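Below is one structure, written out as structure tokens; the observations come after it.
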Amino acid sequence: MNTQARILESGQIEAPAGQIPFLRLAGVDVFSHRAERFRQLSQGHPLGGYLAFLGTLAQAQQEALAHFPAVPLPAPEQQVLCREHGMPLLGAQAWPRDLAWRTGLKVILRYMSVVSLPAPASEAVARLMQASEAELEETAGKLLMGDLAAVNAQDMPFVAAALQVYWIHMAAALGEHAFGRLEQGGLCPACGSHPVAGVVRVGGEEQGLRYLSCSLCATEWHMVRIKCSSCESTHGIHYYALEGSNGAVKAESCDDCDTYLKLLYMEKDSQVEALADDLATLPLDVLMDEAGKARGGPNLFFHPGVV
Ligand code: FE
Ligand code: FE
């Protein structure tokens, strides 16, 4: 299967870099789109309850994004410096978080407090509404460091949701020209985070191109295909799909660093959404885990201790 998949992948001819958009920032309706996709995917799905919950959470995120206040942004000199040195302008760990992210969290929690939720989620909402600033900042710090296992599983989706809103707001306020390419092609040019998945796009000049999608700020950036997003090796790349699937989601694995990242093919399903479709295909993660491969990037709604 791998050999066959490899031949198909190689058959794609990519436009030369420079003629194609390198960066695509998340649109203003990013969370509405994600909410809709979660709702679609939740129908008849074994994890339907959780996917539907995340659909509602994405709606809350849309609400928070729509009312987000103006926040401090990197100065023009800092923007030039980061572009020149290939550093992320809004580094997930380095950027001094404005307290507005917690205001966004409050909007999300209020939204979620009036919808019907399973008991553990309701309890988490109540707890987070009372949590101290120090506690919330500590949780945010762990999340942004990638130490998901250290974060309370019930609190994680709400805090992650608020951080996503804050980072997406900042990236949108700066505009795509603020960001340059990074030294490491597999990290988000805006915030330096790992991708949640990659999307092979259809249509126009992006036809057949692979864009990686940021796990935090949903920025998409171009990376050539058949290349490991973690170590950038072009050898020993293999593709895995679940038996009986329509081929819209495959895992791209690397023999050099033993990681994988899912690729979503719009040609097979035009509605794919990186974060939602990644979560809806957890059996593929189980398969890859059994094959000894680790995820090349986190999904901030997938707690390592839960599955
Ligand atoms: Fe990012
Ligand atoms: Fe690799």
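All of the numbers you see were taken from the coordinates with simple rules; none came from a lab. Since we're looking at a predicted model, the values are computed, not measured. Because the Cβ atoms are built from the backbone with ideal geometry, glycine has one as well, and the counts that use them run over all protein chains shown.
For this structure, a couple of remarks:
- Lysines whose Cα lies under 17 Å from that of LYS268, excluding same-chain neighbours fewer than 8 positions away: LYS250
- The length gained on full extension between GLU77 and GLN271, counted as 0.36 nm times the residue separation minus their Cα-Cα distance, comes to 65.9 nm.
- Inter-probe distance in nm under a simple model that places probes 7 Å from Cα toward Cβ, at LEU242 and GLU176: 3.2 nm
- In terms of other Cβ atoms within 10 Å, GLU135, GLU84, GLU63 run from fewest to most in the order GLU84, GLU135, GLU63.
- For the stretch 147-238: relative contact order, % (alpha-carbon pairs under 8 angstrom, 6 or more apart): 22 percent
- Over the stretch 26-178, Cα pairs under 8 Å with separation of 6+ residues give a relative contact order of 28 percent.
- Neighbour-count order for ILE237, ILE168, fewest beta carbons within 10 angstrom listed first: ILE237, ILE168
- Distance between the 7 Å Cα→Cβ label points at ALA126 and GLN93: 3.6 nm.
- For a straight C-alpha distance cut-off of 18 angstrom, the aspartates and glutamates reachable from LYS262 (same-chain residues fewer than eight places away being disregarded) are GLU9, GLU220, GLU232, GLU243, GLU252, GLU273, ASP277, ASP278, ASP285, ASP289, GLU290.
- Mean separation of Cα contacts under 8 Å, 6 or more apart, over the residue count of the chain: relative contact order %: 21 percent
- Per DSSP, loop GluC sites (Glu not before Pro) in the stretch 142-214 with at most 12 further Cβ within 10 Å: GLU183
- Tensor-based shape of the stretch 154-307 (alpha-carbon gyration tensor, a/c under 1.5 rounded, otherwise prolate or oblate): rounded
- Only the Cβ atoms of Lys and Arg (+1) and of Asp and Glu (-1) were treated as charged; on that basis the dipole of the chain about its Cα centre amounts to roughly 400 debye.
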